Amino acid sequence: MSPVHDQSYARYQGTRRPTGHAWAVIFKTGTRQLLGRRVLVALLLLAWTPFLVRCVQIYFAITTPQVTRILPVDVAMFQRFIDNGFQGVLSFLITIYVGAGLIANDRRARALQVYLSKPLGRMEYIAGKLAILLYFLGFAVILPALLLIVMQVILSGSLSFVRAHPSIVPAVVLASAIRVIVPAFAMLALSALSTSTRYVAVMYAGILFFSEAMYGVLSFVTGSTGVAWVSLGANFDVVSDAIFGQPPRYETPVIVSVLVLAAIVVVALSVLDRQVRGVEVVS
Amino acid sequence: MADLQPPVLLEHVTVQYGKSAALRDVSAVFPAGAVGLLGPNGAGKSTMLKSLLGFIAPEAGHLRVFGLDVATEPLSIRARLGYMPETDGHVPGMNAVTFVAYCGELAGLPRADAMQRAHEVLYYVGLGEARYRNVETYSTGMKQRIKLAQALVHDPDLLFLDEPTNGMDPNGRDEMLDLIRDLSHNKGINVIVSSHLLPDVEYTCDHVIVLDKGRVAASGPIEALKGAASRVYELRIKGDLPAFITRLQHEGMVCRETDEDVMRVFVAGEPRDSGGDQQRICTLAREAGVQVRHLRPSVPTLEDVFARAIGEP
């Protein structure tokens, strides 16, 4: 006599996708899950407030030319839009809210052995998780910056500004991308180091605040801003100044800041390579 | 399923954790069907499965699954594998059907197919009614079942089941064993069951590979291995047990004590005549000055095979 459960299992007759697409599955499922959280949606909407403010500024600058004397629409405005503190705070919160649990939760639930027993490599898993964080940070940082240029063109009704500043689009993309990519890698690496989302969030905040405090102390002691490379935020500003061709706010050479940011990404990749495994590494 | 080569082949595989070797120059062939991977804790069973999945790179040797080298083609292999890990493992924040469908998608199934198969597989493993519950609220037994479901959803050709009945109540355990047996004997899926529970392996598998201290201690069809254990007798005595055992061993018999105060005596060679073995044992008992309280023929079990293989007294 065949058991009842015989009726419900049959061999799969359909076609499987070739390998190499699992990162997209991780990305889509991850974003779908996160978009169900109201707090994140609120943070994402809030991140667009500076965009609305700048749109109003551009509108008045075009309709009322006197406004441009107080609030000029120039390359520096676009740089300030990317570097502004409010945007920074929101991208910090989004990074923590989205990123802290990306790998930490999987490690806590021992999901890595499940993921990596499927036909996907470790780098594909990392790429899927990274894509989730990049997507939300990109939505909050890169997309508004690019749309601001589009709004300038639409509201002014001409391409004269973009023609006069041909490097504005690549500069906006590059500067905002750096502000998205480096924190994303750093957060993902921290998330891979722990099984506690809270601990990861505290570590990330701690590193940022500690680096700022270190810079404050060192610049006070040395009387120079040449030590700005110890601060993550200052490194972004140094690189941003160089990208937009603006006068530098710090004495730190650009190459030093670029190397510091690159080193963060390299260290993060190394941590991810070590931590994301199907078996726990016990030394 | 028409593969001519054995599903799994290991050639001189050595795996080390630091200075201690988990697998030592292991060569083994896993035939098609259900194969039990037996061994005491720390024998290297889980290490072998994790090496076959490509989680651990061996220091030496080659591992092949369906003729593919694990070192060079791990993804092609894992596309045809299902793995039920020993420890709990799930993607947090998902209900059962979403989790299993997600696993199907990760394994390459289109989204609609993955969802359909998730429902089917959850019914198959007995979680049909609980499939919309968050996995984190599941009991231990249910978590075992969902681990089997996620391993099955993409319809693998080979299943690795690491201690599949861990933490299950007797009914749940029986159902799980029925499922494993059904998969390997009726559904054409090759199964490797890693367990230290001999009855589980004996019920579900046809072949067995016994590991001990990182080496293959015995391998082959269970019936053949049990046959090699010769004739077995259950014996309970009163008196000087060590002296009696020494005398039995001197006569070429092998003794093994069990948990229930009953000794199992293995008699090798051709049987002389009906009741001859029993007479010999009684004679030896008289010579050793012990009383025989219980003596009856028994049948060789996988436990005997296991005990002999790992050299248990």
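Quick check, is A:Ile178 in contact (Cβ under 8 Å) with a residue 60 or more places away in the chain and of a type in the set (Val, Ile, Thr)?
Criteria met by A:Ile178.
For the stretch A:197-224, give me each residue that is open to solvent by less than 60 Å² (accessible area, probe 1.4 Å) and over 20 Å from the mean Cα position of the chain (by Cα).
Scanning the stretch A:197-224 gives A:Ala213, A:Tyr215, A:Gly216, A:Leu218, A:Ser219, A:Ser224.
Could you please find all residues in the stretch A:30-57 being surrounded by 15 or more Cβ atoms within 10 Å (Cβ to Cβ) and either more than 20 Å from A:Ala140 (Cα to Cα) or free of Cβ contacts under 8 Å to residues at least 40 places away in the same chain (or both)?
A:Gln33, A:Gln57
Condition first: without any contact (Cβ under 8 Å) to a residue 24 or more places away in the chain and among the small types (Gly, Ala, Ser). Can you find one or more residues in the stretch A:247-260 that meet it?
No: the stretch A:247-260 contains no residue that is without any contact (Cβ under 8 Å) to a residue 24 or more places away in the chain and among the small types (Gly, Ala, Ser).
From the list B:Asp169, B:Asp174, B:Asp157, B:Asp69, which one is more than 7 Å from chain A (Cβ to nearest Cβ) and in contact with a Pro (Cβ under 9 Å, 6 or more places away or on another chain)?
B:Asp157
Has the stretch B:238-260 got at least one residue that is hydroxyl-bearing (Ser, Thr, Tyr), out of contact with any strand residue (DSSP E or B) (no Cβ under 8 Å at 6 or more places or on another chain) and either open to solvent by 10 Å² or more (accessible area, probe 1.4 Å) or more than 14 Å from chain A (Cβ to nearest Cβ) (or both)?
yes
Every residue, every condition in (1) at pLDDT 90 or above; (2) more than 9 Å from every other protein chain (Cβ to nearest Cβ), yes or no:
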| position | (1), (2) |
| --- | --- |
| A:His5 | no, no |
| A:Ser8 | no, no |
| A:Arg11 | no, no |
| A:Ala22 | yes, no |
| A:Ile26 | yes, no |
| A:Thr29 | yes, no |
| A:Arg32 | yes, yes |
| A:Leu35 | yes, yes |
| A:Arg38 | yes, yes |
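Can you pull out the residues in the stretch B:177-189 that are within 11 Å of chain A (Cβ to nearest Cβ), open to solvent by 10 Å² or more (accessible area, probe 1.4 Å) and either of a type in the set (Phe, Trp, Tyr) or within 28 Å of A:Thr15 (Cβ to Cβ) (or both)?
B:Asn186, B:Lys187, B:Gly188
Which of the residues belonging to the stretch A:66-77 are open to solvent by less than 90 Å² (accessible area, probe 1.4 Å) and either aliphatic (A, V, I, L, M) or out of contact with any helix residue (DSSP H, G or I) (no Cβ under 6 Å at 6 or more places or on another chain) (or both)?
A:Val67, A:Leu71, A:Pro72, A:Val73, A:Asp74, A:Val75, A:Ala76, A:Met77
Can you tell me which residue among B:Gly39, B:Gly82, B:Gly44 is closer than 29 Å to B:Gly141 by Cβ, at pLDDT 95 or above and under 21 Å from the mean Cα position of the chain (by Cα)?
Exactly one of B:Gly39, B:Gly82, B:Gly44 is closer than 29 Å to B:Gly141 by Cβ, at pLDDT 95 or above and under 21 Å from the mean Cα position of the chain (by Cα), namely B:Gly82.
Mind counting the residues in the stretch B:1-22 that are more than 14 Å from chain A (Cβ to nearest Cβ) and open to solvent by less than 70 Å² (accessible area, probe 1.4 Å)?
So the answer is 10.
For the stretch A:127-147, give me each residue that is within 14 Å of chain B (Cβ to nearest Cβ) and β-branched (Val, Ile, Thr).
Matches in the stretch A:127-147: A:Ile132 only.
Quick one: B:Val193 ticks every box in (1) away from every other protein chain (no Cβ under 12 Å); (2) modelled with pLDDT of 95 or more; (3) farther than 25 Å from B:Gly33 by Cβ; (4) buried (at least 18 other Cβ atoms within 10 Å of the Cβ) bar one, so which box is it?
Result: B:Val193 passes all but (3).
In the stretch B:290-306, what count of residues is obtained for those that are basic (Lys, Arg) and either without any contact (Cβ under 8 Å) to a residue 24 or more places away in the chain or in contact with a Lys or Arg (Cβ under 8 Å, 6 or more places away or on another chain) (or both)?
1
Restricted to the stretch B:83-113, and to residues that are among the small types (Gly, Ala, Ser) and facing chain A (nearest Cβ under 8 Å), which residue is nearest to B:Leu159 (Cα to Cα)?
Ranking the qualifying residues of the stretch B:83-113, first place goes to B:Ala107.
May I ask you to say which residue of A:Leu44, A:Leu93, A:Leu71 is farther than 30 Å from A:Arg274 by Cα, among the aliphatic types (A, V, I, L, M), within 15 Å of the chain's Cα centre (by Cα) and more than 14 Å from chain B (Cβ to nearest Cβ)?
Being farther than 30 Å from A:Arg274 by Cα, among the aliphatic types (A, V, I, L, M), within 15 Å of the chain's Cα centre (by Cα) and more than 14 Å from chain B (Cβ to nearest Cβ) holds for just one of A:Leu44, A:Leu93, A:Leu71, which is A:Leu44.
Residue by residue through the stretch B:196-211, note down the ones that are over 22 Å from B:Tyr83 (Cβ atoms) and open to solvent by 30 Å² or more (accessible area, probe 1.4 Å).
B:Pro199, B:Glu202
For the stretch B:203-225, how many residues are outside any strand (DSSP E or B), modelled with pLDDT under 90 and not β-branched (Val, Ile, Thr)?
So the count comes out to 4.
The values are calculated or read from the model by the stated rules, or taken from the named source; none is laboratory data. Keep in mind that this is a model prediction, so the values were computed, not measured. Positions of Cβ are generated from backbone atoms using ideal geometry, with glycine treated the same way; all protein chains shown enter the neighbour counts. Calculation scope for accessible area: heavy atoms of the full protein, side chains included, ligands and nucleic acids excluded. Shrake-Rupley method; radii C 1.70, N 1.55, O 1.52, S 1.80 Å.
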